[in-house]
1. When DSSP assigns beta bridges and you keep just the ones with both residues in region 67-214, what percent turn out antiparallel, to the nearest 5?
2. Net charge near residue 124: determine it from the other residues with C-beta under 9 Å of the C-beta of residue 124, scoring Lys and Arg +1 and Asp and Glu -1.
3. Taking DSSP loops as anything outside H, G, I, E and B, show the longest stretch in the chain free of trypsin sites (Lys or Arg not before Pro) there with at most 14 other beta carbons within 10 Å.
4. Output the relative contact order of region 78-214, whole-number percent, from Cα pairs under 8 angstrom with separation of 6+ residues.
5. Quick check: net charge around residue 11, other residues with Cβ under 9 Å of its Cβ, Lys/Arg +1 and Asp/Glu -1?
6. To the nearest 500 deg cm²/dmol, what mean residue ellipticity at 222 nm is calculated for the chain from DSSP H runs of n ≥ 4 alone, each contributing -39,500 (n - 2.57), summed and divided by the residues?
7. Roughly how many Å² is the accessible area per residue of the chain, as a whole number, for a 1.4 Å probe?
8. Any of 50/145; 13/143; 2/50 with alpha carbons more than 27 Å apart? Name them for me.
Amino acid sequence: MKLILFGPPGAGKGTQARRLQETHGIVQLSTGDMLRAEVDSGSELGLQAKEIMEAGQLVPDDLIIAMISDRIDQEDCKDGFILDGFPRTKPQAEALGAMLAEKGLDIDHVIEIKVDDDAMVKRITGRFSCDGCGAGYHDEFQKPKKDGVCDQCGGTEFTRRADDNAETVSVRLQAYHEQTSPIFSYYKEKGLMEEVDGMAEIDAVTEQMNALLG
Ligand code: ADP
Ligand code: ADP
Ligand code: ZN
C-alpha cells in the first residue's frame, strides 16, 4: 500500500505515520526527518537546507524530488510507503506522479489530516522527540508514561526541533495554505482525496485512518 498524508505542521502526520508503519508494515518516508538527518550530517544538501528550514520556508523542489526519488528506489519501500510531508508543492506532486508511473507504481490513498490553524501553535511548541528512537511526544497531549523516560526505548535524552517555535508557525502555515493545499484538486480529480478529523485525540485519529485504509 502506498499512501500520502497531508496536514499542516503539527497536524499529527508523523505520529500517525509511525503507527501505520507498525500496524501495516509499510515504511514512513518523512522528507522533514530526511532533511534533518542531512543537516545533522553536515552534507551538501544539509548545508543548503538548514537556514531555509529554520525560517519555516520550503526547500527547493529539485533538491526534494531528487532526495525522495533515491529513497523510493530502496529495497524497504517495495511493499509500500507512507509519504509524510511530501509532496508539498504542485511541481513535487507532478514529479511524484511521473516518478511512480516510470516505476509502474500507483498511490492507493491520499489522506488529509484536518486541523484548525489556531491549535497549531500549541501542538508545535509542545513537541519533542526521543534521541534514541525518534518516538514523538508532547508536553501536554502525549507525555511519556514516566517523566523524562521514553516509553519505547527507555532513553532519557530528548530533542526539540530548531524550527518549532511560535515565530515560524505562521510562516509554515502560510506555506501550507499557499503551496500545499492547492495540490488537493490534483488528487481529487484522481478520486483519491480522503480526510480525517485531526482535532480528535490521537487514538481516535488512528481509528479513523484504519477505517479508511481497511
Ligand atoms: P506533524 O508530523 O504533522 O508535524 P506530529 O505528528 O509531530 O505532527 O504532531 C505534532 C505534535 O502534536 C506532537 O507533539 C504530537 O505528540 C502531538 N499530536 C499529534 N496528534 C495529536 C492529536 N490528535 N491531538 C493532540 N496532540 C497531537
Ligand atoms: P512539519 O512538522 O511542519 O510538517 P516537516 O518535518 O515535514 O514539518 O518539515 C520541516 C521543514 O523541512 C519544512 O518547514 C521545510 O523547510 C522542509 N521540508 C520538509 N519536507 C519538504 C518538502 N516536501 N518540500 C520542501 N521543503 C520541505
Ligand atoms: Zn525512545
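1. Values: 7 of 12 bridges.
Around 60 percent antiparallel, to the nearest 5.
2. Working: positive: 122, 123, 127, 161, 172; negative: 163, 164.
Every neighbour counted, the sum reads +3.
3. On the way: sites that count: 78, 145, 160, 190.
Longest stretch, sites excluded: 1-77.
4. Once divided by the residue count of region 78-214, the mean separation gives 32 percent.
5. Numbers: positive: 13, 114, 123; negative: 112.
Charge balance near residue 11 sits at +2.
6. Rounded to the nearest 500, it is -13500 deg cm²/dmol.
7. Details: 10940 Å² over 214 residues.
Heavy-atom accessible area per residue stands at 51 Å².
8. Details: 50/145 33 Å; 13/143 18 Å; 2/50 29 Å.
50/145; 2/50, as the Cα separations exceed 27 Å there.
The values are calculated or read from the model by the stated rules, or taken from the named source; none is laboratory data. Nothing here was measured: the structure is a model prediction, and the numbers come from that model. Neighbour counts are summed over all protein chains in view; Cβ atoms, including those assigned to glycine, are modelled from backbone coordinates with ideal geometry. Accessible surface areas use protein heavy atoms only, side chains included; no ligands, DNA or RNA. Shrake-Rupley method; radii C 1.70, N 1.55, O 1.52, S 1.80 Å.
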